[in-house]
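Asker: Before anything else, here's the structure in question.
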Amino acid sequence: MANQEIARRRTFAIIAHPDAGKTSLTEKLLLFGGQIQVAGAVKSNKIRKTATSDWMDIEKQRGISVTTSVMEFDYHDYKINILDTPGHQDFAEDTYRTLTAVDSVIIVVDGAKGVETQTRKLMEVCRMRNTPVIIFVNKMDREAKDPFDLLDELEEELVINVRPLTWPIESGPRFKGVYNIYEQKLNLFQPSKQVVTKKVEVDIHTEDLDNHIGTPLAEKLRSELELIDGVYPEFNVDDYLKGELAPVFFGSALNNFGVQELLDCFVEIAPSPRPVQAEEREVQPEEPKFTGFVFKITANIDPNHRSCVAFCKVCSGKFTRNTPYLHVRHNKTMRFSSPTQFMAQRKTTVDEAWAGDIIGLPDNGTFKIGDTLTEGELLHFKGLPSFSPEMFKYIENADPMKTKQLNKGIDQLMDEGVAQLFVNQFNGRKIIGTVGQLQFEVIQYRLENEYNAKCRWEPLSLYKACWIESDDPAELEAFKKRKYQYMAKDRDGRDVFLADSGYVLQMAQMDFKHIKFHFTSEF
């Protein structure tokens, strides 16, 4: 029973550049999972202006994802957990952490633009963890690059072997559909957001194909399929599971075309929950005892209750409601009376969850990203760390009457991992460090709208924040005295050196040989 439950789990992240159409793909996947109820038709674009996964007001206003959303649904015999990640590079850190909690990834690529910088960086993280990857080339109903050129670009830019499992017949206004190589069926394109395209069983070596798409296109398709068989290796599931081969699908998510083929193949070939590496040992999903780790914390999913939720990936065994579990960092036992599973903002209480599932645990400040829960074993799961920020600003209270609200808001948003907080040891002022400018705007907006607190930013010119440590206490003390104006503490009380230029950092590294300078928070 336990092994059956675990085998039917599929947990994956969708990653893409913001313009690649990731939101449309997520919406249509949810539609096939029965999560968007529209009588017999796909009319979601006319009903809602925003994605199911974009539940924050700022996401709806800007049309971007600024936080990872967790959604789960049943499809045929499978239980699917989607983690829809922010596409914008300013929120890359949230996406990096999300990739620690998934067993596979779907990368969305724009058919006209090809591989973009953000996609390249995220692929590096997938490669680091040998995460299996499927590629969906979107927007084929618009003018796109030649599919063979796209495949070459994917191999070169993402450094992975590819194998098309569907093949497009033209693109843009001439787009006729795709041939499903995996199922050997023809899917004809009907440019309508309200109809799910029907498949046609067709033998491509007969006139039947010519009748559907015309003789010139039929001949072209036959020769291209022959070329694919000659150039690309047979699709091998084992190579895909090792992260060495990426199957490629073509379609138009907005027009609901090619998505069902992607989903049908995905549930069949994607891995069920995989072993997770802890510092102490490798944890197998089939183990009877529950283990899990917190990979994300979200504040104010329900604005009426100002509550925080810690998202926990179940790594092994079975999680049961109201059962005592050990919080390893605090070394204390906790019970959870209302664990939840999510459809973006909507949530339902669950009594049990199996390896591969994502559950939301109510959090009143007890959790940090990376925390481990077990049935008693002392385990520490390896997470992706916080990276050294690239932009810094002082945060000041713009309304002295709302100091308490501001402090609570900053604490909860920093717990979420939205940005990093440092306290300057010289003047006691709070400094927020981010990867990009957009994060400052999101923090300001959320403080005002979720916590009723106003802040203002003051510019601060810094080059890098680096964590420092040394086996020589005297040298460390001498360094802290000399650099007193540039020393800060992070939220865990660790020493952080705020270098104001690359030259200053280089000189410090040369002058203090016994001090280690770290550019990530895990060392």
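Asker: For the pair VAL237 and HIS380, what calculated FRET efficiency results from E = 1/(1 + (r/R0)^6), where r is the Cβ-Cβ distance and R0 = 30 Å, to the nearest 0.05?
Answerer: 0.40
Asker: Could you give the nm distance between label points at GLU156 and ARG456, where each point is 7 Å from its Cα heading toward the beta carbon?
Answerer: Computed distance between label sites GLU156 and ARG456 equals 5.1 nm.
Asker: Still on this structure: Run the paramagnetic zone check for ASP500: 7 angstrom along Cα to Cβ, then residues of the stretch 389-406 with backbone nitrogen under 17 Å.
Answerer: 391-394
Asker: Another question, then. Can you list residues from other chains, or at least 5 along the same chain, whose modelled amide H is less than 5 Å from the amide H of VAL162?
Answerer: ALA246
Asker: Can you tell me the length gained on complete extension of the stretch GLU280 to SER223, counting 0.36 nm per residue apart and subtracting the Cα distance?
Answerer: 15.1 nm
Asker: How far is the Cα center of the stretch 111-162 from the Cα center of the stretch 455-488, in Å?
Answerer: 40
Asker: Send over a whole-number figure in Å² for the accessible area per residue of the stretch 391-437, probe 1.4 Å.
Answerer: Using a 1.4 Å probe on heavy atoms only, each residue of the stretch 391-437 averages 42 Å².
Asker: Put a dot 7 Å past each Cα toward the Cβ at GLU287 and HIS212; how far apart are the dots in nm?
Answerer: Going by the 7 Å Cα→Cβ label model, 4.9 nm.
Asker: Within straight cross-link reach of LYS464, meaning Cα distance under 16 Å, which aspartates and glutamates are found once same-chain residues fewer than 8 apart are removed?
Answerer: GLU390, ASP490, ASP495, ASP500
Asker: Another question, if that's okay. Residue by residue through the stretch 106-120, what is 3J(HN,Hα) from phi via Karplus (6.51 cos²θ - 1.76 cosθ + 1.60, θ = phi - 60°)? Round to whole Hz and write x for glycine and proline.
Answerer: 10, 9, 9, 10, 6, x, 8, 8, x, 7, 10, 3, 4, 4, 4
Asker: Restricting to DSSP loop positions (anything but H, G, I, E, B) with no more than 13 other Cβ atoms inside 10 Å of their own Cβ, which chymotrypsin sites (Phe, Trp or Tyr not before Pro) remain in the stretch 401-447?
Answerer: PHE426
Asker: Output the pairs from LYS347/LYS454; LYS289/LYS313; LYS79/LYS318; LYS313/LYS408; LYS393/LYS481; LYS79/LYS139 with a Cα-Cα distance over 20 Å in this structure; if there are none, say none.
Answerer: LYS347/LYS454; LYS313/LYS408; LYS393/LYS481; LYS79/LYS139
Asker: Output ³J(HN,Hα) for the stretch 148-156: one whole-Hz value per residue in order, computed from phi by the Karplus curve 6.51 cos²θ - 1.76 cosθ + 1.60 with θ = phi - 60°, and x for Gly and Pro.
Answerer: 5, 5, 4, 4, 4, 5, 4, 5, 6
Asker: Still on this structure, please answer the following. Would you please give the residues with an amide H less than 5 Å from that of CYS455, counting only those at least 5 places away or on a separate chain, with H modeled from the backbone geometry?
Answerer: Correct list: ALA398.
The values are calculated or read from the model by the stated rules, or taken from the named source; none is laboratory data. Quick caveat: nothing in here was measured; it's all calculated off a predicted structure. When we count neighbours, we look across all protein chains shown, and the Cβ atoms used for this are built from the backbone with ideal geometry, even at glycine. The area values use the complete protein model at the heavy-atom level, side chains included, leaving out ligands, DNA and RNA. Shrake-Rupley method; radii C 1.70, N 1.55, O 1.52, S 1.80 Å.
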